[in-house]
Amino acid sequence: MNRAAQVSLLRWLRRQLQQPTPTREHLEAAVENNDPAEARRLLADVPFTEAQRRHVEGMLDAWEDAAKR
């Protein structure tokens with residue numbers, strides 16, 4: 001994941017998960033460590049709306065694709 005995408009994802013996560021919870025801290029660590037699988041696992045139980053879920057899944061899919069290159 002390039003730095004701009006990483007910063008964008010972190011900002012989005014912080015807006016969505018406004019409270020500094022352990023889950024958010026683990027998500028931030030997953031982003032910092034370029035670990036999309038861990039981020040996907042942590043986000044699986046977050047009660048996103050359907051539109052938010054699609055957006056998150058799209059970001060995670062793009063991140064995984066970039067990580068494979």
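The values are calculated or read from the model by the stated rules, or taken from the named source; none is laboratory data. Since we're looking at a predicted model, the values are computed, not measured. Accessible surface is based on the protein model in full, side chains and every heavy atom, while ligands, DNA and RNA are left aside. Shrake-Rupley method; radii C 1.70, N 1.55, O 1.52, S 1.80 Å.
Summed over the residues of the stretch 6-69 and divided among them, the accessible surface reaches 65 Å² per residue at a probe radius of 1.4 Å.
Run the accessible area of the chain with a 1.4 Å probe and give the carbon-and-sulfur part as a rounded percent. Let's see the in-between values first.
On the way: 2210 of 4560 Å².
The computed percentage sits at 48.
Between R11 and A51, residue separation times 0.36 nm minus the direct Cα-Cα distance comes to 12.6 nm.
Within the listed set V56, V31, V46, the Gaussian network model of the chain (springs between alpha-carbon atoms below 10 Å) gives the highest mean-square fluctuation for V46. Each helix, a run of at least 4 DSSP H residues, gives -39500 (n - 2.57); summed and divided by the residues of the chain, these come to -24000 deg cm²/dmol at 222 nm.
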